[in-house]
1. Post the alpha-carbon centroid distance, region 227-274 to region 18-56, in whole angstrom.
2. Under 18 Å Cα to Cα from Lys200, which aspartates and glutamates show up? Leave out anything in the same chain fewer than 8 places away.
3. Determine the dipole magnitude for the chain: charges of +1 sit on the beta-carbon of Lys and Arg, -1 on that of Asp and Glu, nothing else is charged, the reference point is the Cα centre, and the result goes in debye to the nearest 20.
4. Over region 130-271, what is the relative contact order in whole percent, taking alpha-carbon pairs under 8 Å and six or more residues apart?
5. For the chain, what are the DSSP H helices with axial Cα length of 24 Å or more and mean Kyte-Doolittle hydropathy of at least -0.5?
6. In what order do Cys52, Cys95, Cys86 fall by count of nearby beta-carbon atoms within 10 Å, going from fewest to most?
7. Grab the Cα-Cα distance for Ser38 and Cys52, subtract it from 0.36 nm times how many residues apart they are, and report the gain in nm with one decimal.
8. Given a 10 angstrom Cα cut-off, can you work out which residue in Asn255, Asn102, Asn53 is the most mobile in a GNM of the chain?
Amino acid sequence: MNKKIKWAILGPGKIAKKFAASLREVEDAELYAVASRSLDRATAFAENEGVCNAYGSYEEMLQDKEIDVVYVATPHVFHHEHTLLCISYGKPVLCEKPFAINQGQVEEMIAAAKEKQVFLMEAMWTPFLPHIKYLMTLLESGRYGKIKKLTADFGFDAPFDENGRLYKKSLGGGSLLDIGIYPVFLAMHSLGLPEFIEAKAVLGKTGVDEDCDITFSYPNGAKAELNSSITKNTPITAVFELEKATISIASRWHNPSTITVSTDEGSESRSFDVASFGYEYEAMHVQEMIRQGRTESTVMTFQKSLELISLLDEIRKQIGLEY
Ligand SMILES: NC(=O)c1ccc[n+]([C@@H]2O[C@H](COP(=O)([O-])OP(=O)(O)OC[C@H]3O[C@@H](n4cnc5c(N)ncnc54)[C@H](OP(=O)(O)O)[C@@H]3O)[C@@H](O)[C@H]2O)c1
């Protein structure tokens, strides 16, 4: 067996806990280290999640020569700073989505990784999930004709907390960067880049987009109608209307889920179960890339991350949201 890849977690918050659970499903992965701004928090996380080494500062952890890859799981506004910090120590990085809060930051992160020749990838986990891979084979098979329309949403009623990262502007709050990014990425992944973008949003009292509606129009006449919200529960489904079928992903579509293909002849569904939350698939991909000595993912490429952030920037421009 290959030597285990030693993972380090930077920022032991909510998603880090789920990611750690998923990593336990990856055969040749080791939960090697965790760093928090507080040693107590790092130690508690290490004890609960079975991580071997706890550090009370991010920089201290990054000095550990044993680490093979760092998972950056801090709030959006720190992705740029923390990724650059990891790269300055020569550490490969898997950085949570959104990669950063604007295109300029993403460009700097990519340039730094290229200069240091270290692996860097945005943790946009959906293209690695079995049901999304299956969806792509259906869409690309040509069997059902062209996509005419995609409708996708992601919304939940998050309790208002002016200091929480969802509502606080200085932490990159709002629905778009946190969850709207998923429908936007799905549209990009399946339909490519839109010709026209129309976006409108409700900006709440903290100045962030609490609800965001986006329409993408494509040169072939296709459309994507997307919505994200942190103030209402939405179906969290994705529906593709094609020339000869409707393909829908059941709620919550961005998690491992069920895909139904409906045609004139009837409906057929396929469900996808996974061992953990599903983050294990992106982690396995990162390990494969690192083992192959790559500095860029072959799936979630720098180009994809740049296109994604350019769409998010344009939407933010239209809704008048500046960070
Ligand atoms: N892929 C997914 O499915 C998914 C799901 C949820 C979230 N995410 C992404 O993951 C990131 C983190 O989200 P989360 O919900 O895990 O956040 P969270 O629970 O608030 O955790 C973020 C962690 O970042 C660290 N941090 C460093 N500086 C901070 C600061 N100034 N303020 C607050 N925290 C700070 C904190 O750890 P210490 O202070 O202990 O160092 C904290 O535990 C976000 O960018 C989000 O988009 C991804």
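1. 34 Å
2. Reachable aspartates and glutamates: Asp153, Asp178, Asp209, Glu210, Asp211, Asp213, Glu225, Asp313, Glu314, Glu322.
3. The calculation lands at about 140 debye.
4. So the answer I get is 29 percent.
5. The qualifying helices are 302-319.
6. Ranked by crowding around the Cβ, least crowded first: Cys52, Cys95, Cys86.
7. 3.4 nm
8. Among Asn255, Asn102, Asn53, the largest mean-square fluctuation in the Gaussian network model of the chain belongs to Asn53.
Coordinate-derived values only; no laboratory data. What you see is a predicted model; the values in this text were computed from it and never measured. Ideal geometry is used to build each Cβ from the backbone, glycine not excepted, and the neighbour counts take in all protein chains shown.
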